[in-house]
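Novice: Structure provided below as structure tokens; questions to follow.
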Amino acid sequence: MPPERIEIRSAEVGDGLYARRALPHRERRMVGAWCFLDHLGPLDFEAGHGLSVGPHPHIGLQTFTWMIDGEVVHRDSLGNEQVIRPGQVNLMSAGRGISHAEDSIEGRSGRLHAVQLWIALDEAHRHGAPSFRNYPDLPVLERDGCRVTLLAGSAFGTTSPVEVFSPLVGMDITAAPGAGIQIPLEAAFEYALLPLAGAVEVDGETFTQEAMAYLGAGRDSATLRSGDATHFVLIGGVPFGEEILLWWNFVARTPEEIQAATDDWNAGRRFGEVHGSPSHPLVAPDVSKLRLRKAPR
Ligand code: MN
């Protein structure tokens, strides 16, 4: 099967800041358990500006932040306050409910380059207690002129320490101009590749920042060639066996669950309190719009 082209759209993530959003897409809602994929930056904020995502709730997912450049402080309702730095992952498991805020830090570099992903939690884990962890060190290996950071799961004989609850993988790969790399794949996983910079050739087709390459399942390996200095992320996983309903910052199964989470957030229940963020709490959108939407696949 030739790779499928998933066009990237632009989405506002707060305060006039736009991300390149690859997931969810109307033709591709998930890749394994990965159900959200935003590429932020690279950009330089002017003095006095920065990332400012005020307190907001999550249920049913893990937020997975991969910091490529810059610094952001995460604060959550469990009392965690954690600066995430380049080369690190912040992982927050929402379970039945948590709230957090993400802000740039006054007086720091003013740079931002990150990938923000969400991982849907399966039925066995989505009602569990919330937790948060920063991973300062991830496995990095050199292969065929490429630098591979293993973000999640296992590949090339190493395993990422990041705790996930379904079979999945995530890699960040930078490639020298003209480099070719063969990546071992799991036949049971479906995969997608999102270029962050440069161009990468997959099965003779070239992909740039404008589109994500969906590779499907059933492959033992992928041979990729870098057109110029290329940077991309590769995500994969066993196709998620449950129908999810993604609305605002919630991953659930039914509109009733989304309604209950929205009501709890608006009433100040369930999600605790985030202290110390300079940003205003986010207001949940009107859930009645969800009921007008077509049921997800
Ligand atoms: Mn969030």
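The values are calculated or read from the model by the stated rules, or taken from the named source; none is laboratory data. Everything quoted here is computed from the prediction, not taken from an experiment. Because the Cβ atoms are built from the backbone with ideal geometry, glycine has one as well, and the counts that use them run over all protein chains shown. Side chains included, ligands, DNA and RNA excluded: accessible areas come from the protein's heavy atoms. Shrake-Rupley method; radii C 1.70, N 1.55, O 1.52, S 1.80 Å.
Novice: Which far-off residues, 5 or more places away or on another chain, put their amide H under 5 Å from the one on Ala222, with H placed in the peptide plane?
Specialist: Ile183, Leu185
Novice: What residues have an amide H closer than 5 Å to that of Leu151, excluding those fewer than 5 places away on the same chain, when H is modeled at 1.01 Å from N in the peptide plane?
Specialist: Close amide H contacts, sequence-distant or interchain: Gly170, Met171, Asp172.
Novice: Given only helices, namely DSSP H runs of n ≥ 4 each adding -39500 (n - 2.57), what is the per-residue ellipticity at 222 nm of the chain, to the nearest 500 deg cm²/dmol?
Specialist: Per the formula, -1500 deg cm²/dmol.
Novice: With unit charges on the beta carbon (Lys/Arg positive, Asp/Glu negative), name the residue among Cys146, Ala211, Phe189 whose Cα is farthest towards the positive pole of the charge dipole of region 103-213.
Specialist: Cys146
Novice: Summing +1 for each Lys or Arg and -1 for each Asp or Glu, what net charge is found among the other residues whose Cβ lies under 13 Å from the Cβ of Arg108?
Specialist: -3
Novice: Now for a separate question. Once you place label points 7 Å from the Cα toward the Cβ at Asn266 and Arg26, how far apart are they in nm?
Specialist: Computed distance between label sites Asn266 and Arg26 equals 2.8 nm.
Novice: Further question on the same structure: So what are the ³J(HN,Hα) numbers for region 141-152, from phi and the Karplus equation (6.51, -1.76, 1.60; θ = phi - 60°), rounded to whole Hz, Gly and Pro as x?
Specialist: With coefficients 6.51, -1.76 and 1.60, one gets 9, 9, 8, 6, x, 10, 10, 10, 9, 8, 7, 8 Hz.
Novice: Which value, in debye to the nearest 20, describes the size of the charge dipole of region 174-297 about its Cα centre when Lys and Arg Cβ atoms bear +1, Asp and Glu Cβ atoms bear -1, and nothing else is charged?
Specialist: Approximately 360 debye in magnitude.
Novice: I would also like to ask the following. Please identify every one of the trypsin sites (Lys or Arg not before Pro) in region 48-153 that sits in a loop by DSSP and has no more than 16 other beta carbons within 10 Å of its own beta carbon.
Specialist: Those satisfying the criteria are Arg96, Arg108.
Novice: In addition: Per residue, what accessible area does the chain have, given a 1.4 Å probe and all protein chains present, in Å²?
Specialist: Dividing the accessible area of the chain by its residue count gives 43 Å².
Novice: By how many degrees, between 0 and 90 and to the nearest 10, does the Cα long axis of helix 255-266 differ from the longest principal axis of the chain?
Specialist: Between the helix axis and the principal axis of the chain, the angle is about 60 degrees.
Novice: Whats the longest run of the chain with zero GluC sites (Glu not before Pro) that are DSSP loop and have at most 16 other Cβ atoms within 10 Å?
Specialist: Answer - 47-105.
Novice: If R₀ is 30 angstrom, what is the calculated FRET efficiency for the pair Val238 and Glu201, using the beta carbon separation as r and rounding to 0.05?
Specialist: Once rounded, the FRET efficiency stands at 0.70.
Novice: Given a 1.4 Å probe and every protein chain left where it sits, what share in percent of the accessible area of region 4-237 is carbon and sulfur?
Specialist: 46
Novice: With θ set to phi - 60°, apply the Karplus curve 6.51 cos²θ - 1.76 cosθ + 1.60 along region 54-66 and write out the HN-Hα couplings as whole Hz, x wherever there is a Gly or Pro.
Specialist: So the J values, rounded to whole Hz, are x, x, 8, x, 9, 9, x, 8, 10, 8, 10, 9, 10.
Novice: Show me, for region 76-86, the HN-Hα J-couplings you get by feeding each phi into the Karplus relation (A = 6.51, B = -1.76, C = 1.60, θ = phi - 60°), rounded to Hz, glycine and proline as x.
Specialist: 10, 6, 8, x, 6, 10, 9, 7, 9, 10, x
Novice: Follow-up. Would you mind calculating the relative contact order of region 28-168 from Cα pairs under 8 angstrom and at least 6 residues apart, reporting the percent as a whole number?
Specialist: Answer for region 28-168 is 29 percent.
Novice: Mind jotting down the distance between the C-alpha centroids of region 220-287 and region 118-161, whole Å?
Specialist: 17
Novice: Using the beta-carbon distance between Leu43 and Glu81 and R0 = 35 Å, what value does 1/(1 + (r/R0)^6) give for FRET efficiency, to the nearest 0.05?
Specialist: After rounding to 0.05, the efficiency reads 0.90.
Novice: Related question: Place a +1 charge on the Cβ of each Lys and Arg in region 4-237 and a -1 charge on the Cβ of each Asp and Glu, then give the dipole magnitude about the Cα centre in debye, rounded to the nearest 20.
Specialist: Dipole size: approximately 320 debye.
Novice: Bin width 10 Å, alpha-carbon pairs only: give the P(r) of the chain as whole percents, running from 0 to the bin holding the largest distance.
Specialist: Result returned by the calculation: 6, 28, 37, 22, 6, 0.
Novice: Where in region 1-53 are there trypsin sites (Lys or Arg not before Pro) that are in a DSSP coil and have at most 12 other Cβ atoms within 10 angstrom of their Cβ?
Specialist: Arg26
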